[in-house]
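Single-structure report; data block below.
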Amino acid sequence: MPSLKEIRTKISSVKSTKRIMQAMKMIATVKYAKTQLMLNSFRPYFKSYKDIVKIVTGSIKDSPSRFLNINEDSNNDILVIVSSDRGLCGSYNTSLFRMIERYSFKSENIKNLYVGKKGADYFKEIGFGESITSLTEKNYKNIAEEITGQLLLPFLEEKIDNIYIAYNKFESAISQVPIISKVLPIQLEVDKSEDDKSGDILIEPGIESFVEEVLPKFFNLTISSILLESVTSEHAARTAAMDNATRNADDILRDTTILFNKTRQAYITTELMDIVNGAEAIK
């Protein structure tokens, strides 16, 4: 049986850890609320932009553009892995990494571009270009520009065949879904109703200008959307993880306090028995 001093030390340690977790939960909750509002505002804009691109590209047949040509030969592919820099966010990173390991890519020669320290530390492979860290809700657009700068020109120069992104899509406060999405070449499914609309659209000054001006912007917006989804998912996952950790700390404190009381009672009973036995021996 542990001593009272050991139990007191454990109770003090758990209380201290609980205070830290509560503080981290409060910070994560504030950041989560902020990024969720940003994501809810960004999604309608991105959807409208995507719908326009989908309708127009659906009307383009046999385009020579690298943005729209599907590469059957996948010899040089890039996988952008969006993870976190810090831990304490539940299965946010591990679920994504396990999915990547199970995923079947067409290319055997695929290189990783890391966004976040956890991905680079886990896979321990030399990445394509410099790893990108410190992704936040404040700088996700700048990082999207950085990723676009690293990948777009090599893709247009045919040094890269396909670009994939692995990230956590935000569904709700308790659900973040790991996804691998192909972002280049652009492949957007057009349903029948949207395909009918394409004949009513007049593009000025022409298809070539649309491809040159709009599609690079769409690629950048896609990256921005994915990064914002990832940041929101990370804050949601950390909020949930810290909430669970706080609940576990309460359970440990309750059990340890009960053990402390039982141990103290046992010591008191033992001392009383020693006194009684001593008194009996004197008689």
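The values are calculated or read from the model by the stated rules, or taken from the named source; none is laboratory data. Just so it is clear, the structure is predicted and the values come from calculations on it, not from any experiment. Note: ideal-geometry Cβ built from the backbone for every residue, glycine included; neighbour counts use all protein chains shown.
Quick look at the values:
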| item | result |
| --- | --- |
| Output for region 147-175, where each listed residue is more than 20 Å from residue 95 (Cα to Cα) and touching an Asp or Glu at 6+ places or on another chain (Cβ under 9 Å) | 150, 155, 160, 161, 162, 163 |
| Filter result for residue 170 (surrounded by 14 or more Cβ atoms within 10 Å (Cβ to Cβ) and at pLDDT below 95) | no |
| Cβ pairs under 6 Å, 6+ apart, first in region 161-190 and basic (Lys, Arg), second surrounded by 16 or more Cβ atoms within 10 Å (Cβ to Cβ) and not in a strand (DSSP E or B) | 169/229 |
| Filter pass, residue 49 being aromatic (Phe, Trp, Tyr), free of Cβ contacts under 8 Å to residues at least 60 places away in the same chain and within 17 Å of residue 229 (Cβ to Cβ) | no |
| Complete set of residues in region 145-166 that are within 11 Å of residue 219 (Cβ to Cβ) and either at pLDDT below 90 or of a type in the set (Ser, Thr, Tyr) (or both) | 148 |
| Residue in region 99-138 that is surrounded by the fewest Cβ atoms within 10 Å (Cβ to Cβ), counting only those that are touching a residue at least 40 places away in the same chain (Cβ under 8 Å) and in a helix (DSSP H, G or I) | 99 |
| Of all residues making up region 226-283, the number that are farther than 18 Å from residue 4 by Cβ, basic (Lys, Arg) and in contact (Cβ under 8 Å) with a residue 60 or more places away in the chain | 1 |
| Subset of region 16-31 [charged (D, E, K, R), surrounded by 13 or more Cβ atoms within 10 Å (Cβ to Cβ) and more than 20 Å from residue 231 (Cα to Cα)] | 18 |
| Filter result for residue 84 (assigned to a loop (DSSP other than H, G, I, E, B), buried (at least 18 other Cβ atoms within 10 Å of the Cβ) and not β-branched (Val, Ile, Thr)) | yes |
| Residues (of a type in the set (Gly, Ala, Ser) and within 15 Å of residue 179 (Cα to Cα)) located in region 59-83 | 83 |
| Matching entry among 261, 248, 277, 244 (being at pLDDT below 80 and polar (S, T, N, Q)) | 277 |
